[in-house]
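**Student:** Sharing a structure, written as structure tokens. Questions coming.
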Amino acid sequence: MADGTRSRVRRRRLAAGRDRLSALPDDLLHHTITYLPVTEAIATAALSSSWRHIWRSYPLVLKDADIPEPARDALVPRVLAEHPGSFRSVILYDCRLASLNRELPGWPRLLVDKRTQQLLLAHPHRNLPAPPPSTVNQPDAARLLPADILRSGSLQDLSLDFWTFSADLCRRADINLPQLRILTLTRVVISDQDLECLIAVCPVLESLGLGLTLNNAKHVRLRSKSLRCALVVDGRSKDGEFTVVDTPLLQRLYLLQQFKGVALAVRIACAPKLRVLGYLDTRTHKLQIGDSVIRPDTMASARTVVPTVEILALAVNLGISGEVKMLASFLRCFPNVETLHIESAPHYPSVTASEPSGEHHARFYQEVSQVDCLRSHAKKLVIHDFRGDQNEFEFVKFIAMNAQELQSLLVVVSDQEILSSADKVNEIKEELQCVQFPTGISAVLHELPKAAVVYRLKRAADLTINDPFEC
């Protein structure tokens, strides 16, 4: 039935006082059913003859989480096969290869042919242990990513979780993702060289998310002429390296480390538009700018600064002298920072009892006193995970005395034990109120539980959010 005929039928029904919902325009009806689970969206065809075409005539939106568990194995392949396409979004959090290969042979090619725009494939890994590090370059047939997925001319957003990439990826001349803007790789097995090749075949890539684990490339080298945002969640249990080699448009580098005792070398070689950076951890990150390795005694020079960074986030134990010295060195590398986030880190079990821990605060903070960004540029400072330790209060006092351009200081308490104690919270408030700021401001206390990692990463990937570290 032609669109004009369908519209006339709907108007007649509306005039007769029946089926008012069907009188809505097709595009609005389709927009509505995309919010329904796919089983209910398909069932709308039974409402009336004028609804029969709606689900099949618009791009498919499929989420396997919307399908009841007993029916999932059979229904996912059936939906993919019966919908004529194109596919707007296919989200398979439980991508069952056995049932897909059995019920719908060639399903990866189908996703390409139906011009899928958004694709998430998460391999069910609850019963599959990760392969040992010695097999990192050996394909795991049980979860080997089908090569056709990487030959899509329509994909704009691709997320892969718990897959093994073919060991000859970089030798495949037909791998190409010309429209891909967002790429997220989590718990994948891929070599250093193949990861570089994969990024290289995405010429318009804007956002890259890497969930690095034991089986990932150890030396990640980032080259991209289009990339604007890189998110790195490092969950490896061994030391690694992340290098920004050549990223002329990169604006945001967001780092989140899960194993705090593991060292990660972070090297920034070429990122002329880098504006947002963090969290750099004074305990575990080994920062290198160009050819210069940043050490506790490193002073600012043309070879050791990134002048474009305006928003910086650092993690530091404010009671450990070595970490405060490294904090000062990190800060010297970013002389034009206007918004500074400090995550107050607790002691690691590995910190020895002989380490100075808050006994000589004045001497500690002399290391920071000559840092340009603190003295002359920083307008906003946020101290996260504040616990009310004496060394934290001494740092606040130091900031009050030395940050000449400061316009806002926010102290965030997130620890649930502290938040549950009104006396402890009031004690922190009272001590902060005693701190005098020459600029006329006062420290503001926020009581806010720490956000989940997924929420933090979502904010970090959204370039419309000016400051991804903001509470």
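The values are calculated or read from the model by the stated rules, or taken from the named source; none is laboratory data. Worth saying up front: this structure is predicted, and the values here are computed from it rather than measured. We place every Cβ from the backbone using ideal geometry, glycine too, and count neighbours over all the protein chains shown.
**Student:** Has the stretch 278-297 got any residue that is farther than 17 Å from Leu264 by Cα, touching a Lys or Arg at 6+ places or on another chain (Cβ under 8 Å) and free of Cβ contacts under 8 Å to residues at least 40 places away in the same chain?
**Tutor:** Yes: one or more hits.
**Student:** Got at least one residue in the stretch 322-330 being over 19 Å from Ala460 (Cβ atoms) and either aromatic (Phe, Trp, Tyr) or touching a His at 6+ places or on another chain (Cβ under 6 Å) (or both)?
**Tutor:** Yes.
**Student:** Looking at Glu196, Glu241, which is the one that is farther than 16 Å from Leu280 by Cα and either touching a strand residue (DSSP E or B) at 6+ places or on another chain (Cβ under 7 Å) or of a type in the set (Gly, Ala, Ser) (or both)?
**Tutor:** Glu196
Results for (1) within 30 Å of Val232 (Cα to Cα); (2) surrounded by 15 or more Cβ atoms within 10 Å (Cβ to Cβ), shown as yes or no for each residue.
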site: Asp423; (1), (2): no, no
site: Glu430; (1), (2): no, no
site: Cys434; (1), (2): no, no
site: His446; (1), (2): yes, no
site: Ala452; (1), (2): yes, no
site: Arg456; (1), (2): yes, yes
site: Cys471; (1), (2): yes, no
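Table: residues versus (1) more than 29 Å from Pro307 (Cβ to Cβ); (2) small (Gly, Ala, Ser); (3) at pLDDT below 75.
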| residue | (1), (2), (3) |
| --- | --- |
| Asn336 | no, no, no |
| His341 | no, no, no |
| Arg363 | yes, no, yes |
| Ala378 | no, yes, no |
| Ile383 | no, no, no |
| Glu394 | yes, no, no |
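**Student:** Among the residues of the stretch 267-289, how many are within 14 Å of Phe469 (Cα to Cα) and either assigned to a loop (DSSP other than H, G, I, E, B) or of a type in the set (A, V, I, L, M, F, W, C) (or both)?
**Tutor:** Selection size over the stretch 267-289: 4.
**Student:** Here's something else I'd like to know. Hey, could you check the stretch 143-186 for residues that are out of contact with any strand residue (DSSP E or B) (no Cβ under 6 Å at 6 or more places or on another chain) and not in a loop (DSSP other than H, G, I, E, B) and say which is modelled with the lowest pLDDT?
**Tutor:** Out of the qualifying residues, it is Cys170.
**Student:** If the requirement is being among the basic types (Lys, Arg) and in contact (Cβ under 8 Å) with a residue 24 or more places away in the chain, which of these qualifies: Arg303, Arg236?
**Tutor:** Just a single option satisfies the conditions, and that option is Arg236.
**Student:** Looking at (1) buried (at least 22 other Cβ atoms within 10 Å of the Cβ); (2) closer than 25 Å to Pro248 by Cβ, which is the only condition Trp163 fails?
**Tutor:** (2) is the only condition that Trp163 fails.
**Student:** Which of the residues that make up the stretch 65-85 are at pLDDT 90 or above and within 30 Å of the chain's Cα centre (by Cα)?
**Tutor:** Val76, Leu80
**Student:** Need the failing condition index for Ala403 against (1) surrounded by fewer than 17 Cβ atoms within 10 Å (Cβ to Cβ); (2) closer than 23 Å to Asn336 by Cα, just the number.
**Tutor:** In the conditions (1) surrounded by fewer than 17 Cβ atoms within 10 Å (Cβ to Cβ); (2) closer than 23 Å to Asn336 by Cα, Ala403 misses (1) alone.
**Student:** Moving to a separate point now. Quick one: in the stretch 311-334, of everything that is small (Gly, Ala, Ser) and under 23 Å from the mean Cα position of the chain (by Cα), which residue is modelled with the lowest pLDDT?
**Tutor:** Ala315
**Student:** Criterion first (within 30 Å of Thr308 (Cβ to Cβ), part of a loop (DSSP other than H, G, I, E, B) and in contact with a Pro (Cβ under 9 Å, 6 or more places away or on another chain)) does Gln370 satisfy it?
**Tutor:** Spelling it out, it is not the case that Gln370 is within 30 Å of Thr308 (Cβ to Cβ), part of a loop (DSSP other than H, G, I, E, B) and in contact with a Pro (Cβ under 9 Å, 6 or more places away or on another chain).
**Student:** Considering only residues of the stretch 145-194 that are of a type in the set (Ser, Thr, Tyr) and under 22 Å from the mean Cα position of the chain (by Cα), which is farthest from Cys95 (Cα to Cα)?
**Tutor:** If we take residues in the stretch 145-194 being of a type in the set (Ser, Thr, Tyr) and under 22 Å from the mean Cα position of the chain (by Cα), then Ser191 is farthest from Cys95 (Cα to Cα).
**Student:** So, Leu255, is that one free of Cβ contacts under 8 Å to residues at least 60 places away in the same chain, assigned to a strand (DSSP E or B) and under 24 Å from Leu227 (Cα atoms) or not?
**Tutor:** Answer is yes for this residue.
**Student:** Now for a separate question. Only one of (1) assigned to a loop (DSSP other than H, G, I, E, B); (2) within 21 Å of Phe469 (Cα to Cα) fails for Val232. Which number is that?
**Tutor:** The single condition Val232 does not satisfy is (1).
**Student:** I'm checking my understanding of the structure. Among residues of the stretch 232-287 that are over 22 Å from Leu185 (Cβ atoms) and touching a helix residue (DSSP H, G or I) at 6+ places or on another chain (Cβ under 7 Å), which one is surrounded by the fewest Cβ atoms within 10 Å (Cβ to Cβ)?
**Tutor:** Checking each candidate, the answer is Arg283.
**Student:** Going by the structure shown, is Val204 assigned to a loop (DSSP other than H, G, I, E, B) and not basic (Lys, Arg)?
**Tutor:** Taking the combined requirement at face value, the residue satisfies it.
**Student:** Sort out which residues of the stretch 87-101 are touching a Pro at 6+ places or on another chain (Cβ under 8 Å) and either more than 18 Å from Ser154 (Cα to Cα) or modelled with pLDDT under 90 (or both), and write them in order of number.
**Tutor:** Matches in the stretch 87-101: Asp94, Cys95, Arg96, Ser99, Leu100.
**Student:** Same structure again: If I ask for residues that are of a type in the set (Lys, Arg), more than 24 Å from Gln370 (Cβ to Cβ) and out of contact with any helix residue (DSSP H, G or I) (no Cβ under 6 Å at 6 or more places or on another chain), which ones from the stretch 390-446 would you list?
**Tutor:** If the condition is that a residue be of a type in the set (Lys, Arg), more than 24 Å from Gln370 (Cβ to Cβ) and out of contact with any helix residue (DSSP H, G or I) (no Cβ under 6 Å at 6 or more places or on another chain), then Lys429 is the only one that fits.
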